[in-house]
1. Answer yes if at least one residue in segment 148-161 is buried (at least 24 other Cβ atoms within 10 Å of the Cβ) and within 21 Å of Asp96 (Cβ to Cβ), and no otherwise.
2. Test each condition in (1) of a type in the set (A, V, I, L, M); (2) within 18 Å of the chain's Cα centre (by Cα); (3) farther than 22 Å from Thr67 by Cβ for Val152 and report the one that comes out false.
3. Out of the residues in segment 144-182 that are touching a helix residue (DSSP H, G or I) at 6+ places or on another chain (Cβ under 9 Å) and β-branched (Val, Ile, Thr), which is nearest to Ala131 (Cα to Cα)?
4. Residues of segment 69-93 being more than 10 Å from the chain's Cα centre (by Cα) and surrounded by 15 or more Cβ atoms within 10 Å (Cβ to Cβ), which ones?
5. What number of residues within segment 44-79 are within 12 Å of Asn164 (Cα to Cα) and either in a helix (DSSP H, G or I) or in contact with a Cys (Cβ under 9 Å, 6 or more places away or on another chain) (or both)?
6. Mind checking which residues of segment 124-134 are surrounded by 13 or more Cβ atoms within 10 Å (Cβ to Cβ) and over 20 Å from Glu74 (Cβ atoms)?
7. Looking at (1) modelled with pLDDT of 95 or more; (2) under 27 Å from Leu37 (Cβ atoms), which is the only condition Gly143 fails?
8. Quick one: what pairs do we get from segment 99-111, first residue without any contact (Cβ under 8 Å) to a residue 24 or more places away in the chain, second part of a helix (DSSP H, G or I), C-beta under 6 Å, 6+ apart or different chains?
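The values are calculated or read from the model by the stated rules, or taken from the named source; none is laboratory data. Since this is a predicted model, take the numbers as computed values, not measurements. Cβ atoms come from the backbone with ideal geometry, glycine included; neighbour counts cover every protein chain shown.
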Amino acid sequence: MNVMDDGHDEDHTVPPRRALRFEQPIDLYREIPEIALFTKHRPFEGEDPLEFLYRLRGSTTPEDAITYSAFAPEPTVAISWGLEAVRSTLHEVPPDDAELIVLLGQWLDHPTVENRWRVMQTALFAPRRSAIVYLGLAVGWSGGALAPNDPVSVPRWRAPKAVNAGVLRALGQVPFERRSVSMARILDLAVGLFRV
């Protein structure tokens with residue numbers, strides 16, 4: 001038997017990492033009701049997550065699909081998608097955000113408490129609230145204490161709200177005539193979240 005360095009037996013399959021917080025969109029709306037403050041449409045009983053995403057995408061308010069994509073996944077997955085969506089939308093990240101982009105990448109690769117606090121501190125003291133800064137705030141609010149010796153827990157809606165704000169902020173910077181193409185690209189990236 002061949003055992004890998006991490007102690008896992010190579011002959012056993014590692015289960016896939018869970019991407020969505022809940023199996024049904026209606027459960028997301030029940031358990032994190034704050035999402036309803038940011039979306040016009042609501043899921044139907046028994047509606048599949050991907051079906052709901054496509055219904056939102058084809059609605060008169062396709063921004064709801066972005067909001068749903070920020071809230072539905074586990075925070076780390078949503079932040080990773082948000083970063084990819086922002087980078088694909090803006091193409092060039094402002095120099096002010098360069099350090100935070102590096103820190104976000106470090107946290108995504110190694111989601112330690114120390115890396116989370118480093119991202120949060122940099123985002124909190126940023127000179128402006130850019131799309132990348134909102135993603136940094138999402139990292140800080142993704143779970144655990146906000147600072148050493150701080151017992152306050154963060155509501156579950158804070159991180160996805162910040163991811164949503166970051167993606168929508170990036171989309172808002174796109175010239176109007178190219179916005180629908182950028183939104184389609186963002187939502188194409190989101191589809192993968194619901195197929196895991």
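1. No, the conditions are met nowhere in segment 148-161.
2. Val152 satisfies every listed condition except (2).
3. Val167
4. Hits for segment 69-93 are Val86, Arg87, Thr89, Leu90, Val93.
5. Here the count works out to 12.
6. Ala126, Arg129, Ser130, Ala131, Ile132, Val133
7. (1)
8. So the pair list comes out as Gln106/Asn115.
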